[in-house]
């Protein structure tokens, strides 16, 4: 993606979390294109390595951490590895989500707990672990990539929507708690984004797409430029915010 020359992350180290949607390779590549070295953490070796390859393709250093991250010990260790291998930590991008679409009356307690922990719990653990480093050094940027379901309701998505709202509220609270320590934390809330959406003519046959003001779905590339802005020192007067990249869907709200 084209990155404005003044939006440089040269000399910065980022850590991004990866899921299986394939977005991490695009976002990690954008961080590297802007000049950052990038550590990638996730449970899928395939998607972690794909994101790391995108970083190296831009001539930047990459580190990989593959595993499960159920507690502070695991996220602390991953952050420490990124610091050890890449020389620091300036940016955290929480870009991993677990989606559950299911009628509420059929949703088990286990499913509720799993979705809440995989989304809100995970984002909190990563922010806390990165925050140890960032607050001590007096600087840092955290970008939480969430769904606009943090603000909008959606049938059959109560646990997922609740988990997104929890991350949004965590972001606001941490912006207050860590602002004086030089740490900025914001959310990018996405609408209907796909790695490889079908051709425009095919998309517009969908009722959902016809509902969107821009009459199309988005791509991870269209998240990347905003992520770079929020990850850099040039956005230091922006914190605690949620910015929507959704084709105008929230204009209906």
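The values are calculated or read from the model by the stated rules, or taken from the named source; none is laboratory data. In this text the structure is predicted, and so the values were computed from the model without any measurement. Quick reminder, even Gly has a Cβ in these numbers, built from the backbone with ideal geometry, and neighbours come from all protein chains shown.
Considering only region 66-76, I want to know if a residue exists there that is outside any helix (DSSP H, G or I), in contact with a strand residue (DSSP E or B) (Cβ under 9 Å, 6 or more places away or on another chain) and either buried (at least 16 other Cβ atoms within 10 Å of the Cβ) or modelled with pLDDT under 95 (or both).
Checking region 66-76: at least one residue is outside any helix (DSSP H, G or I), in contact with a strand residue (DSSP E or B) (Cβ under 9 Å, 6 or more places away or on another chain) and either buried (at least 16 other Cβ atoms within 10 Å of the Cβ) or modelled with pLDDT under 95 (or both).
Out of everything in region 168-200 that is assigned to a loop (DSSP other than H, G, I, E, B) and under 18 Å from the mean Cα position of the chain (by Cα), what residue ends up being surrounded by the fewest Cβ atoms within 10 Å (Cβ to Cβ)?
Looking at the filtered set, the residue picked out is 195.
Answer yes or no as to whether residue 230 is surrounded by 18 or more Cβ atoms within 10 Å (Cβ to Cβ), modelled with pLDDT of 95 or more and within 25 Å of residue 55 (Cβ to Cβ).
So residue 230 fits the description; yes.
Name the single residue that is surrounded by the fewest Cβ atoms within 10 Å (Cβ to Cβ) among those in region 83-112 being in contact with a helix residue (DSSP H, G or I) (Cβ under 9 Å, 6 or more places away or on another chain) and part of a helix (DSSP H, G or I).
So the residue we want is 104.
Within the bounds of region 210-220, is there any residue that is without any contact (Cβ under 8 Å) to a residue 60 or more places away in the chain, farther than 16 Å from residue 21 by Cβ, more than 15 Å from the chain's Cα centre (by Cα) and not in a loop (DSSP other than H, G, I, E, B)?
yes
From 122, 139, grab the single residue that is crowded, with 21+ Cβ neighbours inside 10 Å and touching a helix residue (DSSP H, G or I) at 6+ places or on another chain (Cβ under 9 Å).
Of the residues listed, the single one that is crowded, with 21+ Cβ neighbours inside 10 Å and touching a helix residue (DSSP H, G or I) at 6+ places or on another chain (Cβ under 9 Å) is 122.
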